[in-house]
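The values are calculated or read from the model by the stated rules, or taken from the named source; none is laboratory data. Bear in mind that the values here come from a model prediction, so they are computed numbers and not experimental data. Methodologically, a virtual Cβ is constructed for each residue, glycine included, from the backbone with ideal geometry; neighbour enumeration extends over all protein chains shown. The protein model used for the area step is the full one, side chains on, heavy atoms only, and it has no ligands, DNA or RNA in it. Shrake-Rupley method; radii C 1.70, N 1.55, O 1.52, S 1.80 Å.
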Amino acid sequence: MKRGGDLAVTALAGIIAVPLGLLIALLIRATMGGPVIFRQTRSGRHGQEFRILKFRTMRDKRHEDEPDAPRITRLGALLRKTSLDELPQLWNVVRGDMGVIGPRPTLPEQVTHYSDRQRGRLALRPGLTGWAQVRGRNSITWPERIELDLWYIEHQSLALDLRILALTAKMLLRPTGITAVGGVNPGFPVPTHAEATAPAAARIVLPRQATATAPRLAREELRG
């Protein structure tokens, strides 16, 4: 049933997304050349890897050690700010790699460092948007995001999905949490050897914000 809803939402979104995507593709081609689409391997449901699609937002490197930030073009910055760089992921939804709502797909090298509890976020197809996205996105830490994703998996319902869609629409109109403080998104915390070899129960981390958020979910609004 959820798969049918994903396809229905994608079909409706495609009415606007297809012509808008063609325009964006032409602008990227005119300002940066090809390729128009950026592809990257991500971990999906049950850890199965797939190629996520995004519009390209960075020009080619001028030298081997050039950092990413200076390579983001004006058009690329606008696409990232409005999340339009993720428009091609509608095709990932059609293919079945992703759903509309679920945990955002992460890199395989991050998944290898998940604790047993954190691997629970792989139980669903990754989503275009999700509970962690509308509760802070990149402004909160990875452990906090994962706890919010796990909460969603345990409490998913049609009403919650509709709320996430409404909050996502609000975020698109008033973008927030795209980058962390200072413009640098938090990296995934790689556990130390002691943490990695500790018993599973000892590795469960309940972040302050995630644990404080859960009892108040019904009355809190999106920050920003």
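Please give the number of the condition Phe38 fails out of (1) assigned to a strand (DSSP E or B); (2) open to solvent by less than 40 Å² (accessible area, probe 1.4 Å); (3) of a type in the set (A, V, I, L, M, F, W, C).
For Phe38, the exception is condition (2).
Can you tell me which residue is surrounded by the most Cβ atoms within 10 Å (Cβ to Cβ) among those in region 119-163 that are in contact with a Phe, Trp or Tyr (Cβ under 6 Å, 6 or more places away or on another chain) and touching a residue at least 40 places away in the same chain (Cβ under 8 Å)?
The selected residue is Leu148.
Report, by residue number, each residue of region 126-152 that is under 23 Å from Arg51 (Cα atoms), in a helix (DSSP H, G or I) and aliphatic (A, V, I, L, M). First the steps, then the outcome.
Quick first cut of region 126-152, residues under 23 Å from Arg51 (Cα atoms) only: 126-133, 137-138, 142, 145-146, 149.
Now narrow it down to the ones that are in a helix (DSSP H, G or I): 131-133, 137-138, 142, 145-146, 149.
Within region 126-152, Ala132, Ile146 qualify.
In this structure, is Glu49 at pLDDT 95 or above, acidic (Asp, Glu) and open to solvent by 70 Å² or more (accessible area, probe 1.4 Å)?
yes
Taking Thr10, is it within 22 Å of Thr168 (Cα to Cα) and polar (S, T, N, Q)?
Against the criterion (within 22 Å of Thr168 (Cα to Cα) and polar (S, T, N, Q)), Thr10 qualifies.
Kindly indicate the residue of region 62-118 that is in a helix (DSSP H, G or I) and among the acidic types (Asp, Glu) and also surrounded by the fewest Cβ atoms within 10 Å (Cβ to Cβ) among those meeting that condition.
Applying the filter and picking the extreme gives Glu109.
Give all pairs with beta carbons closer than 6 Å in which a residue from region 1-25 that is farther than 17 Å from Pro88 by Cβ meets a residue that is of a type in the set (Phe, Trp, Tyr); count only pairs at least 6 apart in sequence or on separate chains.
Nothing qualifies.
Going residue by residue through region 60-75, is there one that turns out to be within 22 Å of Arg3 (Cβ to Cβ) and either within 17 Å of the chain's Cα centre (by Cα) or of a type outside the set (A, V, I, L, M, F, W, C) (or both)?
Within region 60-75, the first condition is being within 22 Å of Arg3 (Cβ to Cβ), and the residues that meet it are none.
Checked region 60-75: no residue is within 22 Å of Arg3 (Cβ to Cβ) and either within 17 Å of the chain's Cα centre (by Cα) or of a type outside the set (A, V, I, L, M, F, W, C) (or both).
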